[in-house]
Structure formats: C-alpha cells, structure tokens
Amino acid sequence: MLFYSFLTVNFRNTLLFFMNIILPIVFLLMFGAVFGKQQSQIGVAFYSDRELSEVNSNWKRLDTLPTLEEIKSMGNDVVIVANDGKMDVYLLSTFSSVDSEITIFRLKYASARNEKSIINVVEHEIKFSRQLSDLEYIMIGVIAISLLSVGMNAGVMLFSEYAQYGLFKRFMLTNVNRLYLLISATGAQIITGIISSLLVIVISWLVFKVNLFISPQLIVAYLFVVFASIMISLGLGVILSLIFKKSASSIAQILYTIFMFFSGVYFPITFLPKPLQIVSYFTPPRYMHMLFQKVYGIDTVTNQGFWIICTTFIILGIVLGSYAIGKFLKPA
Amino acid sequence: MNKNGQNGNVTVLQVNNIKKYYPSIKAVDDISFEVSAGEIASILGPNGAGKTTTIEIIEGLRTKDDGEISYFGKFREVNSEVKNRVGVCFQENSFFEDLTVSETIKLYKSLYTKSLDTKELIEIFELGEKVKTRIRHLSGGQKQRLAVALAFVNDPDLVFLDEPTVGLDPHARRNLWEIILKFKSRGKGIVLTTHYMDEAQQLSDRVYIMDHGNIITRGSPQELINSSGLESVIEFPEEYSALFEDAIVAGEYAYLHTRDTVSAIRELLKNNVTNFVVRHPTLEDVFLKLTGKKID
C-alpha cells in the first residue's frame, strides 16, 4: 500500500507529473525539432567495380577496394562493397535502416553489369562501437535526464517535504520499517522511471522515427541502468534534503539545470572550457548517459566499467536513502 | 469511577518521573501521571509548558533523560507491540495530499497488524461523502476529522489527541466530542491535549495542568474547581483592574476570584462599572489562577 501511495502521488501530483513525465517529453520534442532533420543523414560509403549513375549524392564513393580494417576506421554507418558481381554490406550501425536504398543500389549495380540475375548480397554486422546520429544521441540523453528528474525529485519530496511536514513523524508511530519505506519509495520511482523512459522511446519513434526500442536480450541491462540511475538520483535528492532542508526543492531545480548543462546530453562536453569539463566528471547524469549509450551498443565504457558504475550508483543510493530514513525515523 | 460510571482501573499508561533537560531549559522536569482504560486524561498548560515534549516522549518520538514509562502494564520502550496498540493525532497533521480519504485510511491500516473496518471508521467520522476526494481538496475541518480517524485506525487501546478540535466550528467540535466519548466508552484510554478549557471540562476524567515542565496540579475538573477555593468569578473591563489588588488581567478583561462577591460588586458599582459578569468558576479560572495567564 505504501508503494502504491508513492506511485499514485507521482502521477497525481501536478509538479511531480510535470517533472517526471511532461518535462522529458518537452525536451524530446524541443531537441527533436532542432536535430530531427539530421536523422536521415546516415553515413554510407560504397565501392563499386562498375560505374553507377545517380547514386545518392550524400553517399561517399570509394575509389579503391577497402580492406576490413579500412571499413572499420571510416566512421560510416554502412559501407557497401560491390565487386565481381557480389555485394558485401557492412552494417556498423543497427539504428538506421537503409534497406530500401541498398535494394536500389543492388538494382543499379546489376544493371551496370548487364545482368538480370539477382546479385548475391552478404550482410556483415561489425561488432564494434557504433556511431549515433545527433538525434539518437540526444534521445538517449533525454532518457537519462528524465530519470535524474524522477529520482532527485523523489529524494527531495521524501526527505525534505514529507519529513518537514511531519509525515515521517507519523510513520514513526506505526510499525513501518526503514527498509520497507525505502523499497516502497524507490520501487515507485523505478516504475515511474520505466514509464517515463518508455514514453520517450515511443514518442521518439512515433514523431521522429528514431528506433530506441531495446532488443529482448538487453532488457535486463536496460532495467539495471534505470535502477542505478534512479538510485543515484534519489541519493542526490537525499543529500540536498539533508543540507538545504526547506529550500531543497528549489536547489534541486537549479542543480537539475546545471546537471543538464554538464551532462553532455545537449552538446558535447568538449565544447566546454577545460576547467568546466573537469566539473562534468562529478555530475551523475554524464555517467547515466554513458551507461544508456552502452546499452544501445556504444562503447562509452568497458563492460567492467559498466557494472562498476551501476553497482556504485546502486550502493550509494541505498546507503544514502537508508541513512536519511534512519535519521528521520529516529527519536529526537 | 470515571464520568461514564465505568471502572477505569486497568492502567494503560503509567509515567514515572520522566525528565528531559536541554542546555537552556528543563522542558520536562520529573513528571508522573497515569491513564486508565476508559478514561480521558487532559494535559493543559500554556505554550512552552512542556506538554508536547511530554507527549512526544511517551509516543517514542523523543528520548527521555530519566524516568520510566509503563505501557499496558509493562515498563518498556516503545516497541512494535506498543505501536500497534497506540493511536496518535498530532496538532498539525501531514498526509499524502494527492491520495483520497479512502486510500489514506487503507494506507494507515496497512501499517498496523490490526485495524478497524474502513467503512465503520468512515461512518463514525462522517467522511462518507468525501471518501473519494483527494485530501488536498478537503476543508480544514474535514482534514482534522480524518487525522482523528487515523488515530483510531488501528483500534488502539491508548490514544493521544493533540488539539483534536482546533479549527473546527462549534457544531463540528461537539460532534467530535461525541465521537471521542464513544471511543472512551469502548474502553480506550485517551490522552487529550487542548487549549479549549470547555473541552477539557466536558471530556476529561482527570486533568493535569502543566507549567514550566512540571505538573502543578491534578484532579478531576470538579475537584480542581472545588479545591481552588474560588467561590465566584467577576469578569469586567481591564481598565478597572486597579480597583482590586488581586485582579488578574488577561486580554481585554480582568478577572477577580473572590469569596466576598457582594463587596466586590459594590466596589464596581461605586466606580460606575456596570458591564461586569458574575459566574461560577470554571476550569479556565482555575488555570488562570494557577498560571497567571489565559491559555492561548
């Protein structure tokens, strides 16, 4: 019932609903509108042993037959090698579908060879770091930022407002224990976070045709990152509540804006002056963004690093949350 | 025997010599009292007298420096069993404002091992029409009624009600008094903190008047009135207080507690004071006499 109460409040409270659900969608639509046109600019390079006419002007023509190492180092999403009546398609990004254009290319190549038979196409998925379009990069960032909002606001709400107005005092007189309270509060935030991120994914797809849907085998990793992100954000909310008490809510809003600036979500951190780049290392959203990119197949961090960051975030969240609940439930 | 003629001989709360000292003040200084089943005990006192600290120590919200407390016949700390048998209504109550009345009652029920039936509680506290209303949309009086209802949600044997009728209109106050008396008749021990003297006089079996961290007097309302030595009280405008050496000024009025009513009235009339009231002493007069101030 406590879990249900926290969850219900998240969706009924106007401010929380705005911060948890509406604001990420506003950011999504705002940045999507700015960067949306770049979505179709998928980097494609091709080599053909025959002269082809009217190939997409955005595609890069290669003059010599590339080696596999060269293909990997080109930084393109797709490389097509049409040679000796055969087509090798190297997919370096599974985000972007160019199937229809590959079909047109195949027909043109067959025509250039004066062959009516079907050209044999072999697809190669190259398993190394992918390139994201600006829009994909930002959409993933919006998910990270939405979870920051969900977790941090919950931390502030719980340990500043509820504690301040005596709800915790009332709970102290019941048999509720601190673990149950923490699990209920964080559980509700995790569900809210999942719903918020799912909405970002669905709207990204519906409005901007950006496919951020997770393959079934990655769902566990995705949920783990959601959990870790909520926990560290909750922990941040706790720290703010302990330090700033009544003004924690206002400080959280300011910090949220600062974090967005330093997270590298809306512009690359390299745009910042060197001293400010160092500050970004101390902002959790930067790591949350990295973790989500990792789930989407980008090598932002090693596998070991991924688990270390996630586990650290979760432990920090639990420790801070338990400490704060213990502090507020302790007799004066 | 208490007011309802029941034997309130089962002690549900016994407080022995509790103390709470802060560096600059003795908030609670060696206080002892007890509450029996089916009894309403009121703690009265001016602001800063130590009432809230005393109650919070008993509830387990504050630690004590010394003394011992027996809950339901056993000296012990506030543990899980005690929490299950104690109900509390704070003076200022906080809720999940976006839950409905019914959801809030269910939430609190879920935090105890035993509880009253939700329907019964809603019926007793006349919250039926508001059962699906979110708390932020309730009036102050409705919130107050809900807060008192939550104090009884776990069907407690001992209940602390801190200013339960504050902010209610006179009709709603009387309704809540009836509800409190109904629970008393079910054998609940009730500790009431109130600044409404008429409320304390109407409801209490025993009254404890506190000041400066001490209980300065105790007894039933009638015993306190009888033992105060007050025969009658004359209430008149404060600008004439100088007419009597022992008149107590509180606000716009002066109060004279006297056995020689006739002489006092003669003195007032001699000075052309005609807007005075002569009445029997109340608990409020006892309080005024003992503490020298009207309760705020």
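Couple of notes before you dig in:
- With 10 Å bins from 0: P(r) over chain A, alpha-carbon pairs, percent: 5, 23, 27, 19, 12, 8, 4, 1, 0
- For the range B:75-215, a crude dipole built from +1 on the beta carbon of Lys and Arg and -1 on the beta carbon of Asp and Glu, taken about the Cα centre, is about 400 debye to the nearest 20.
- Placing unit charges on the Cβ atoms of the charged side chains and taking the dipole of the range A:189-332 about its Cα centre, the candidate lying farthest along the positive direction among A:V202, A:Q304, A:L234 is A:L234.
- Cα-derived Rg over Rh, computed across the range B:125-184 with Rh taken as Kirkwood radius: 0.94
- Candidate aspartates and glutamates - alpha carbon under 16 Å from A:K245, same-chain residues fewer than 8 apart omitted: A:E161
- With a threshold of 31 Å on the Cα-Cα distance, the over-threshold entries among B:K143/B:K184; A:K209/A:K246; B:K74/B:K132; A:K274/A:K327; B:K64/B:K184 are A:K209/A:K246; B:K74/B:K132; A:K274/A:K327.
- Span-like helix check, chain A: qualifying full DSSP H segments, with Cα axial length of 30 Å or more and mean Kyte-Doolittle of -1.0 or more, are A:134-156, A:178-208, A:219-244, A:303-329.
- Between the range B:228-296 and the range B:105-179, the alpha-carbon center distance in angstrom: 39
- A simple spin-label model places pseudo-atoms 7 Å from Cα toward Cβ; at A:I254 and A:F11 they are separated by 3.5 nm.
- Coordinate range along principal axes, alpha carbons of the protein assembly as shown, Å, largest first: 132, 51, 48
- The order of A:M87, B:M210, A:M74, A:M1, going from fewest to most other C-beta atoms within 10 Å of their C-beta, is A:M1, A:M74, A:M87, B:M210.
- Legend: ranking of residues B:S227, A:S204 from fewest to most surrounding C-beta atoms inside 10 Å; resulting order B:S227, A:S204.
- When the convex hull of its Cα atoms is projected in every direction, mean area for chain B (nm²): 17.2
- Taking GluC sites (Glu not before Pro) in DSSP loop states with no more than 15 other Cβ atoms inside 10 Å as exposed sites, chain A has its longest site-free stretch at A:116-332.
- Set of aspartates and glutamates near A:K72 by C-alpha distance (under 12 Å), chain-local residues within fewer than 8 positions excluded: A:E125
- Exposed loop sites here are GluC sites (Glu not before Pro) assigned a DSSP state other than H, G, I, E or B and surrounded by at most 15 other beta carbons within 10 Å; excluding them, the longest clear run of chain B is B:127-230.
- The magnitude of the dipole of chain A, with charges of +1 and -1 set on the Cβ of Lys/Arg and Asp/Glu and taken from the Cα centre, is near 1540 debye.
- Electrostatic dipole magnitude of the protein assembly as shown [Cβ: Lys, Arg +1; Asp, Glu -1; Cα centre; debye, to 20]: 940
- Here the range B:27-82 was treated as a single set of alpha-carbon atoms; its pair distances binned every 10 Å from 0 give 19, 55, 25, 1 percent.
- Compactness index (Cα Rg / 2.2 N^0.38 Å), the range B:1-152: 1.18
- With coordinates expressed along the principal axes, the C-alpha atoms belonging to the range A:156-257 extend over 49, 33, 18 Å, beginning with the largest.
- Relative contact order (%) - criterion: Cα under 8 Å, at least six apart; region: chain B: 21
- Placed amide H near B:R76: partners under 5 Å, 5+ positions off or other chain: B:I69, B:Y71
- Kirkwood-based shape ratio for the range B:143-279, expressed as Rg/Rh from alpha carbons: 1.08
- Farthest positive-ward along chain B dipole, Cα basis, beta-carbon charges - from B:N17, B:F236, B:T118: B:T118
- When the protein assembly as shown is described by a simple charge dipole with +1 on each Lys and Arg Cβ and -1 on each Asp and Glu Cβ, the residue from A:S160, A:S111, B:L127 located farthest towards its positive end is A:S111.
- Set of aspartates and glutamates near B:K114 by C-alpha distance (under 16 Å), chain-local residues within fewer than 8 positions excluded: B:E81, B:D155, B:D157
The numbers here are math on the coordinates, done by the rules we state, and not lab data. What you see is a predicted model, and the numbers here were worked out from it, not measured in a lab. Counting neighbours? That spans all protein chains shown, and the Cβs are built from the backbone with ideal geometry, glycine included.
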